[in-house]
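Every number in this text was worked out from the coordinates using simple rules, so none of it is lab data. Predicted model, so just to flag it, every value in this text is computed and none were measured. Here the Cβ positions follow ideal geometry from the backbone for every residue, glycine too, while neighbour counts run over all protein chains shown.
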Ligand SMILES: [Zn+2]
């Protein structure tokens with residue numbers, strides 16, 4: 001190597017490399033610290049977490065990345081959601097595997113308890129989801145069903161309260177027609193009349209999520225508390241029961257299925273989650289629906 005070349009290397013190339021490295025380190029420092037901020041200031045009861053905000057195919061995108069990288073999907077989801085401020089859109093620039101590994105390691109080291117809590121929350125909410133809760137078949141026009149992101153909207157029956165689920169509306173407003181199926185495998189842990197929910201079914205899934213289906217017109221034959229159900233299995237038919245202490249009251253609102261998703265159901269730490277983006281995700285899932293009666 002010539003003398004001039006060596007001199008040039010030390011005068012330009014080496015300082016450039018050092019500067020580049022410093023910029024990279026500073027960038028990572030701020031990136032990682034922003035994530036820690038999100039992690040430290042949110043728990044399972046935080047509105048950000050509970051919103052389950054995965055617009056534009058965000059959830060499907062995260063599952064795909066986890067598969068591609070051969071990483072645990074709930075670590076990928078937790079890390080990406082914390083990093084993105086609890087809203088991961090499928091159209092956003094995707095994380096690189098290296099970025100994920102750095103963020104994940106940092107979060108694990110610095111906030112292991114909070115990280116684990118969130119990760120378990122995502123897993124309980126998402127891991128057992130298999131299908132959309134209303135049977136889509138040739139028997140009905142998919143246009144018949146519609147829903148909006150009405151989680152948190154004001155409800156006034158029985159006192160002012162936020163709406164803790166999503167309403168799937170029947171445009172034809174006819175009770176007892178549209179079949180309601182379980183989104184997950186699980187155990188029927190609640191079944192019967194509720195003043196607000198009318199005839200409802202609550203299914204607890206193997207990962208610990210509680211899935212609540214309300215305002216039914218009728219139950220699937222033989223369905224009772226303690227029964228094991230499979231994803232896609234018939235729970236009952238969509239209706240308009242509820243908003244009364246008198247069992248069997250119908251007609252206080254239009255025919256719809258109210259879908260609720262809860263973590264730590266029945267405990268002092270119970271929280272409701274927004275099912276909207278989860279339902280959008282399930283719309284895109286192609287699974288063989290199992291229209292089965294309970295034995
Ligand atoms: Zn509702």
Give the separation of the Cα centroids, region 185-238 to region 250-268, in Å. 11 Å
Apply 1/(1 + (r/R0)^6) to the Cβ-Cβ distance of residue 225 and residue 70, taking R0 = 45 Å, and write down the FRET efficiency to the nearest 0.05. 0.70
Kindly put 160, 225 in sequence by how many other C-beta atoms sit within 10 Å of each C-beta, fewest to most. 160, 225
Starting from 0.36 nm per residue, how many nanometres of slack lie between residue 12 and residue 110 once their C-alpha separation is accounted for? 31.5 nm
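Using Cβ contacts closer than 10 Å as the measure, can you line up 97, 258 from fewest to most?
Going from sparsest to densest Cβ surroundings: 97, 258.
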Exposure proxy ranking, count of Cβ atoms within 10 Å, fewest first, for 87, 161: 161, 87
